[in-house]
Amino acid sequence: MTPRTPITLITGPLGSGKTTLLRHILATSPAKIAIVMNEFGEIAIDTKVIEGKNVRISELGGGCVCCSLLGEFEAAVTEIIEKVAPEMIVVETTGLAEPEALVFNIQEALPQCRLDGVVSVIDADMLVRFPELGHTTRLQIEGADILLLNKIDLIDAKQIDPLETKLREINPSAAIIRTERCRIDPELLFGVERERKTATPEPGSPIPATTHKHQLQFESFTFGSDKTFSRDCFERFVDGLPANVIRAKGFIRFPDSVHLFNFVAGRWELEPFEAENTELVFIGKNVLSEKETIVESLEKCQQQLG
């Protein structure tokens, strides 16, 4: 079974920093990415442009492409996958777009894709100066898995916590990440790329759990095992993950097959994938304080090989 292509939606009000975030993603992520925009806008386009039936594709560095819609969204995405075969697709909506309809289209009309996450970019400075939220902005906040509270350098530090409280009242489940000029570790934004494979450890050797510091208050650790896991137990484990786990991703080995696992702010998916063993990473705020509990719960789901 061919793994589905992950799609990340980037939404947010006009001028909040969506194109700045796209530039940052292209500059920092090693993956082969297709960027989909209503128009090319401010992304520099200076290489070969491919005119398709439903999409205009411009080649960027590192195998990435930038695409502007000419036809219907579903047809354009299908054409991008056929022509470019990206590891992931990032869609920038207009500042006036309500993401819910696009999320529905991806889930219902694009079986070759999976929704990896909805990221809403919120302008902290504008939120301070114009605190009354419009209908569309409220929907963009409500529909997000991750909220980037951007441009925090433009406001007083003591104004940030009240803004987070306001966002939390509208969307209590989303992860809120403070940024300046949308500088964020791509590991927090994306799940596992479509073409990634795991390395095979020596038989019987444990895969050590490692830790890594992401930006500011975010930490991560990995877990690996060559044992199989009970699927029912693992699904209960995922449903019980602490709220401070923002991202979890990797590969999990069940008795029948290995599955690709992607989790973002409480929403998660499993799909069959070609890999050898279990390899998972957990990312979140102060997540190392939960590491022992998470690993113990995960190990309870292990089954002996054979």
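The values are calculated or read from the model by the stated rules, or taken from the named source; none is laboratory data. A quick note: this is a predicted structure, and the numbers were derived from the prediction, not measured. Please note: Cβ atoms are built from the backbone with ideal geometry, for glycine as well, and neighbour counts cover all protein chains shown. Calculation scope for accessible area: heavy atoms of the full protein, side chains included, ligands and nucleic acids excluded. Shrake-Rupley method; radii C 1.70, N 1.55, O 1.52, S 1.80 Å.
Sub-6 Å Cβ pairs linking a first residue in region 129-156 that is over 30 Å from residue 104 (Cα atoms) to a second residue that is open to solvent by 20 Å² or more (accessible area, probe 1.4 Å) and hydrophobic (A, V, I, L, M, F, W, C), at least 6 apart or interchain, are 155/128, ordered by first then second residue. Residue count for region 16-37 satisfying the condition of being modelled with pLDDT of 85 or more and open to solvent by 60 Å² or more (accessible area, probe 1.4 Å): 2.
Considering region 219-238, the residues that are out of contact with any Cys (no Cβ under 7 Å at 6 or more places or on another chain) and in a helix (DSSP H, G or I) include one that is surrounded by the fewest Cβ atoms within 10 Å (Cβ to Cβ), namely 232. Among the residues that make up region 177-199, is at least one of them farther than 25 Å from residue 273 by Cβ, at pLDDT below 90, open to solvent by 20 Å² or more (accessible area, probe 1.4 Å) and out of contact with any strand residue (DSSP E or B) (no Cβ under 7 Å at 6 or more places or on another chain)? No, because not a single residue in region 177-199 is farther than 25 Å from residue 273 by Cβ, at pLDDT below 90, open to solvent by 20 Å² or more (accessible area, probe 1.4 Å) and out of contact with any strand residue (DSSP E or B) (no Cβ under 7 Å at 6 or more places or on another chain). Of all residues in region 132-162, those satisfying the criterion of being among the hydrophobic types (A, V, I, L, M, F, W, C) and open to solvent by less than 70 Å² (accessible area, probe 1.4 Å) are 133, 139, 141, 144, 146, 147, 148, 149, 152, 155, 160.
Scanning region 77-136 for residues that are of a type in the set (Asp, Glu) and farther than 22 Å from residue 167 by Cβ gives 79, 82, 87, 108. Each residue in region 80-93 was checked for being part of a loop (DSSP other than H, G, I, E, B) and surrounded by fewer than 16 Cβ atoms within 10 Å (Cβ to Cβ), and 1 pass.
Is region 38-56 home to any residue that is outside any loop (DSSP other than H, G, I, E, B), modelled with pLDDT under 80 and out of contact with any Ser or Thr (no Cβ under 9 Å at 6 or more places or on another chain)? Yes, region 38-56 has at least one match. In region 257-295, of all residues being under 19 Å from residue 242 (Cα atoms), in a loop (DSSP other than H, G, I, E, B) and in contact with a Ser or Thr (Cβ under 9 Å, 6 or more places away or on another chain), the one that is modelled with the highest pLDDT corresponds to 266.
Within region 163-176, being open to solvent by 10 Å² or more (accessible area, probe 1.4 Å) and among the β-branched types (Val, Ile, Thr) holds for 165, 170. One residue stands out among those in region 103-131 that are charged (D, E, K, R) and more than 23 Å from residue 182 (Cα to Cα): the one that is surrounded by the fewest Cβ atoms within 10 Å (Cβ to Cβ), which is 108.
Identify the residue in region 239-266 that is charged (D, E, K, R) and closer than 21 Å to residue 221 by Cβ and, among all such residues, is surrounded by the most Cβ atoms within 10 Å (Cβ to Cβ). Taking the candidates together, the pick is 247.
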